[in-house]
Amino acid sequence: MGIRNDARLALKLVREAVASRRAQLRLTHTLQKQHPLPKGHFTVAVYFADGPVNLYQMRQWYKPLAELAETWPVVVLSRNSASAVTIMEESPLPVAFVRKVTDLERVIDEQDIRVVLYVNQNTRNFQMMRYGRRWHVFINHGESDKMYMTTNQFKAYDYSFIAGEAALSRLRRVLWDYDFDKRALMIGRPQADHYSGRLPYTPDEREVVLYAPTWEGDRPSAAYGSVASHGVALVKALLASGRHRVIYRPHPRSGVVDHDYKNANHEIIAAIAAANASDPSAHHVHDTGPDLGWQLAASDVAIVDISAMVYDRLATGKPLLVTRPANAKAEIDTSGYLSDAEWLDASAAGEIVARLDAVTHDAAAQERLHSWVERYFGDTTPGAATARFHAAMSHVMDEWERHAALHAGDEPS
């Protein structure tokens, strides 16, 4: 077993080295074609220090930030070569590759950056947060009741843009001596105003089921992933029904820690391919695309793990089931929506067809769902969240102007 693990690790390192080299060559070629960024132009920066595996955290913000840039020019600061070249190729936002701290300092000196936005809690965020005279704002990459959403790291930022009353209540329970009225600004989910992507099939009489599990997690308390415990059984049952279309959207990190989890993911993918080969009209989908939105809008019902996908789906107001973690040590915050969710136990995964039929025809469940939508996201009328996002940015910019005037006579550091 030890030799096998060593071989896997060695192969992984070789693949990573080859991928890194290819990304560097692509980046060099892209940078050669790119015009220099105009100096003194950008007032907002999005700091992203992660590799490609976490690009999903950036992708959902592309369109909201592109619209924001019409008022306050936005630049992405990418620290990773593979991420930088991918964002350059697919994003409407300009990108500065700042691998070294000296690169970062050069961009800061050349631009008028007043607000820095962060979509995650990467430890390298602190290399950016060392720069004062600007606001550092945590915008996150989704809403959920994970313990990640109540971390004391919120205090490291000047402001945090949160979804709604549920997020505020969640934070109030755990953050001591924190000025919520000043530093936590509710914006809803502006990403929902920009759902994108085209349907890869023609709608018909089939009931469309989105199964969007998270990864296995890196510790028992965060072991929310259902691919190995629920996924194989429920997907095979749906494929066999003949009246469902499955959209399987696994987390990009599925299987990075647990080999069995990786194998289960591959088994689901193979089962979908086999079902499509047997009946091409089924058009089951293994979805790995960058666009997130069409899946949520098109599916009649969704099956999700405890993750941001619960709340992405919740914002649509359409039926969903939440998988109950098989690991008893997984921490579940039942003070919010999860106290009232429609749960799916691993033991019932094979009976998913009957379970879906019951949930989608339950009027009381729909009424409960709609009340939670308002609590988590407030007004979900198209455009309402975008308006709140822009209002929050306007407030932060006004505060920057006010403090810049107060410190106009300060000596530069």
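Values quoted throughout were computed directly from the atomic coordinates according to the rules given, and no laboratory measurement underlies them. In this text, all values refer to a predicted model and were calculated from it rather than measured experimentally. Glycine gets a Cβ as well: all are built from the backbone with ideal geometry, and neighbour counts include every protein chain shown.
Using alpha carbons only, how many degrees (0 to 90, rounded to 10) separate the axis of helix 101-110 from the longest principal axis of the chain? Around 60 degrees separate the two axes.
Counting neighbouring Cβ atoms within 10 Å and putting the fewest first, the residues Trp176, Trp215 line up as Trp176, Trp215. The length gained by stretching the chain between Arg106 and Thr71 to full extension, at 0.36 nm per residue less their Cα-Cα distance, is 10.2 nm. Compared with the direct C-alpha span, the chain from Thr360 to Asp398 gains 9.0 nm at full extension, assuming 0.36 nm per residue. The distance linking segment 317-367 with segment 372-387 is 23 Å (Cα centroid to Cα centroid, whole angstrom). Highest mean packing first, where packing is the average number of other Cβ atoms within 10 Å per residue, the peptides 138-144, 201-207 line up as 138-144, 201-207.
Rounded to the nearest 20 debye, the dipole magnitude of segment 132-220 is 480 debye, with +1 charges on Lys and Arg beta carbons, -1 on Asp and Glu beta carbons, and the Cα centre as origin.
Cα axis of helix 2-33 to longest principal axis of the chain: angle in degrees, 0 to 90, nearest 10? Approximately 50 degrees, to the nearest 10. Quick check on segment 207-377: take the gyration tensor over C-alpha atoms, sort the square-rooted eigenvalues as a ≥ b ≥ c, and tell me if it's rounded (a/c under 1.5), prolate or oblate. The shape class here is oblate. Within the listed set Ala358, Ala156, Ala222, the residue fluctuating most in the Gaussian network model of the chain (springs between alpha-carbon atoms under 10 angstrom) is Ala358.
Considering only Thr86, Thr150, Thr123, the mean-square fluctuation computed in a Gaussian network model of the chain, springs between alpha carbons under 10 angstrom, is largest for Thr123.
Site pair Asn263 and Tyr201 shows an inter-label distance of 2.9 nm when each label is modelled 7 Å from Cα along Cα→Cβ. Report, ordered by chain and residue number, the lysines lying within cross-link reach of Lys155, taken as a straight Cα distance under 16 Å and ignoring same-chain residues fewer than 8 apart. The reachable lysines, counting only those whose Cα sits under 16 Å from Lys155, are Lys182. Taking the number of Cβ atoms within 10 Å of each Cβ as an exposure proxy, the fewest-first ranking of Val285, Val107, Val174 is Val174, Val107, Val285. In terms of other Cβ atoms within 10 Å, Val44, Val116 run from fewest to most in the order Val116, Val44. Under a Gaussian network description of the chain, with springs only between Cα atoms under 10 Å, the residue in Val101, Val246, Val232 that fluctuates furthest is Val101.
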